[in-house]
Amino acid sequence: MAEADRSKWDARYASGDFMIEKGLPSPILERHIKAVNPGRALDVAAGMGRNSLHLARHGFEVDALDISPVGLAHLEAAARAEGLGARIHARAVDLEGYEPGTDEYDLILMANYLDRPLIAKLGRALKPGGILLIDTFLDDPASLARAMNPEHLLRRGELVEIFAEGFEILEAREYPKICMDGTTRTKQAFAVCRAG
């Protein structure tokens, strides 16, 4: 599975015309970035690095993880071009089974990706007072109609349950998203702050 995922994403990023959100940072990151003093950040499933670059521009030291070495090569080239190469540490990782440390990060972002076993681990990887941002697709009929794997779709209320204790929920909202293929699907923007 990991090799198939790597090949799929390598091919998309190598095509040269695959740029999520036109390279702009996730809106949830823009809304919450100023609530955190620049420190260490983790960008989960970083892809070509639009969010990693935004974090680095705001003074964060960023660990950018993705399964695709091709996507990360784009990120590293863009970081060098902007003089941000020393701030971004890109690493090709199979995120299934990934084990972050504890109390490591001031800000963690997971956008357009869902790995249920990883979610609670990300909460523990936050430093006290750190913020976790998740922005991904919900299990609405439009998503299921596109034959998306239900395991890759959030269930309503799922994140609120996971972070019910030890975290303050800063944002939990659903919104329609026009996707690259022109379809509209429902996403959830979710932000929590670790108590402490």
What are the residue pairs meeting all of these: first residue in segment 82-95, first residue at negative phi and free of Cβ contacts under 8 Å to residues at least 40 places away in the same chain, second residue of a type in the set (Gly, Ala, Ser) and exposed (fewer than 14 other Cβ atoms within 10 Å of the Cβ), Cβ atoms under 9 Å, and 6 or more apart or on different chains? ARG87/GLY59
Unique match (being among the basic types (Lys, Arg), more than 16 Å from the chain's Cα centre (by Cα) and assigned to a loop (DSSP other than H, G, I, E, B)) among ARG156, ARG185: ARG156
For segment 146-159, does any single residue satisfy the condition of being of a type in the set (Gly, Ala, Ser), surrounded by 13 or more Cβ atoms within 10 Å (Cβ to Cβ) and at pLDDT below 85? no
Is it the case, given these coordinates, that PHE190 is closer than 15 Å to ALA111 by Cβ, under 18 Å from the mean Cα position of the chain (by Cα), of a type in the set (Phe, Trp, Tyr) and modelled with pLDDT of 90 or more? yes
Which one of these does GLU168 not meet: (1) more than 16 Å from the chain's Cα centre (by Cα); (2) outside any strand (DSSP E or B); (3) touching a residue at least 24 places away in the same chain (Cβ under 8 Å)? (2)
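The values are calculated or read from the model by the stated rules, or taken from the named source; none is laboratory data. Just so it is clear, the model here is predicted, and its values are computed rather than measured. We place every Cβ from the backbone using ideal geometry, glycine too, and count neighbours over all the protein chains shown.
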